[in-house]
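The values are calculated or read from the model by the stated rules, or taken from the named source; none is laboratory data. Predicted model, so just to flag it, every value in this text is computed and none were measured. Backbone-built Cβ (ideal geometry, glycine too); neighbour counts: all protein chains shown.
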Amino acid sequence: MNDLTPSFERETGQVILAGLPAGAAGEAPLVPVPGLDLAFDRADGRLCRAVVDAAGTDEHIAVGEQVAAVLVQLFGAQALSVVSEPAGARALSPEPGITATLSSLARLDAARATSPIPPGSPWWAAEAAELAERAGLHARARTEAAIARADPSGSSLAGPTLNVAVEVASLEKDRVRLAGLQWMLDPDLVPEGLFRPGLSPYSDLVVCHDGATGRVTVEALLAPGADTDALSRCLARLVDPSVRRILAQAIFTETPSGARAELRLPFPLDEVHESWIEVVRDKHWPVLSAKGHLIRRALRWADAALRAERAPAGLAPESTHEDWAALAAAAWERCRHDWEAAGDADHAYLAAVRQAALSGKARSCVPPPPSPAAAEIARQAPIEGPGYLAEALGR
């Protein structure tokens with residue numbers, strides 16, 4: 001039973017309906033109407049949390065008309081009385097049908113943001129429009145339908161052909177590089193639709209360190225029709241996350257194959273215990289902590305694993321289901337390692353459970369769950385199904 005327990009946060013004026021937290025793949029957020037934020041587990045699809053912007057005080061809480069309508073859809077007529085008087089109210093159970101539709105839309109949005117297929121592809125929009133219409137989100141459905149109609153032919157996958165077997169082989173060869181210079185392309189830190197992600201954090205960026213010249217080169221692929229003005233403000237930065245200090249930085253410039261930034265190091269790289277390459281949209285972004293980097297990359301590895309589990313044929317037509325399964329297992333392994341390094345035993349355990357399932361290993365090979373919550377999340381059934389339309393078609 002996926003029940004959500006209500007509480008009122010006086011400081012923010014919000015009613016929070018909280019259930020079992022998200023697992024190793026994190027959350028897929030969705031704002032169906034202004035004033036209501038939903039969060040779904042990216043791996044098993046369940047509703048983890050609903051945050052309601054409310055007016056009034058503990059004694060008299062009110063919500064807007066649109067928010068009220070969605071809450072009734074999600075939880076039934078009793079939702080309004082629970083939200084208006086959350087103290088001591090019973091937990092609410094989401095209605096399976098509408099919850100599944102909203103979850104699918106939220107998880108599509110999350111996959112769209114990190115896919116090698118540009119987020120502006122009409123096939124993303126067509127699928128989103130259908131889900132939004134089924135959920136009763138008519139304004140969102142109309143917006144997405146207009147995008148789909150604007151370019152019915154779609155746009156082909158840009159850049160070099162993706163090869164899953166090569167990605168897996170590269171990950172295996174690079175297995176020992178788990179410390180020292182680290183990197184990731186965080187989609188939340190760069191303009192939407194500017195860079196084209198790879199199949200995993202490993203291939204989102206190409207990083208080369210020339211120790212003799214004290215230079216680090218960072219290369220990335222650009223999405224079709226990338227905004228060159230936005231690119232001219234993006235920086236690649238070498239940072240020391242332990243003290244949140246920028247060691248070197250450079251603006252990206254466009255190249256025939258994508259974009260490149262060349263960092264000149266003021267001292268040998270081996271003098272820094274751990275350094276990270278991060279890509280940010282402008283010079284004003286703060287440096288993430290080491291734990292922050294690890295958590296963000298763990299979530300990106302989980303994102304890559306979930307995509308590989310669906311074996312989207314259009315992304316890499318020459319790759320087999322076995323290739324995709326190997327990539328999914330390798331990505332869950334890297335996800336587990338990053339969660340462990342971040343000190344999060346629950347999420348590391350959950351990633352290990354997914355890795356074991358894909359590798360054909362018995363659950364007995366996985367250590368015992370570190371908490372009752374981790375054990376409960378591990379019992380949730382993962383979402384299965386075909387790949388998203390844009391990735392299945394490769395455009």
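Brief remarks follow.
- Taken over the stretch 267-293, the criterion of being closer than 23 Å to residue 231 by Cα, in contact with a Lys or Arg (Cβ under 9 Å, 6 or more places away or on another chain) and assigned to a loop (DSSP other than H, G, I, E, B) is satisfied by 281, 282, 283, 285, 286, 287, 288.
- Selected residue (criterion: modelled with the lowest pLDDT) from residues of the stretch 356-392 that are closer than 29 Å to residue 128 by Cα and part of a helix (DSSP H, G or I): 358
- Tally of residues being in contact (Cβ under 8 Å) with a residue 60 or more places away in the chain and polar (S, T, N, Q) across the stretch 89-131: 5
- Restricting attention to the stretch 228-250, the residues being of a type outside the set (Lys, Arg) and buried (at least 16 other Cβ atoms within 10 Å of the Cβ) number 13.
- Filtered residues of the stretch 235-266 (kept if farther than 18 Å from residue 192 by Cα, outside any strand (DSSP E or B), of a type in the set (A, V, I, L, M, F, W, C) and in contact (Cβ under 8 Å) with a residue 24 or more places away in the chain): 265
- Exactly one residue among 330, 326 is buried (at least 24 other Cβ atoms within 10 Å of the Cβ) and over 21 Å from residue 113 (Cα atoms), and that residue is 330.
- Residue match in the stretch 61-82 (condition: surrounded by 23 or more Cβ atoms within 10 Å (Cβ to Cβ), assigned by TED's automatic domain parsing to the domain that holds residue 19, farther than 24 Å from residue 141 by Cβ and in contact (Cβ under 8 Å) with a residue 60 or more places away in the chain): no
- When residues of the stretch 186-231 are limited to those that are assigned to a loop (DSSP other than H, G, I, E, B) and of a type in the set (D, E, K, R), the one nearest to the chain's Cα centre (by Cα): 186
- Under the condition of being assigned to a helix (DSSP H, G or I), at pLDDT below 90 and more than 21 Å from residue 124 (Cα to Cα), the residues counted in the stretch 139-185 number 4.
- Taken together, 308, 304, 298 contain a single residue that is buried (at least 20 other Cβ atoms within 10 Å of the Cβ), of a type in the set (Gly, Ala, Ser), in contact with a His (Cβ under 9 Å, 6 or more places away or on another chain) and closer than 26 Å to residue 208 by Cβ, which is 298.
- Among the residues of this structure, residue 225 counts as one that is over 28 Å from residue 270 (Cβ atoms) and either small (Gly, Ala, Ser) or surrounded by fewer than 17 Cβ atoms within 10 Å (Cβ to Cβ) (or both).
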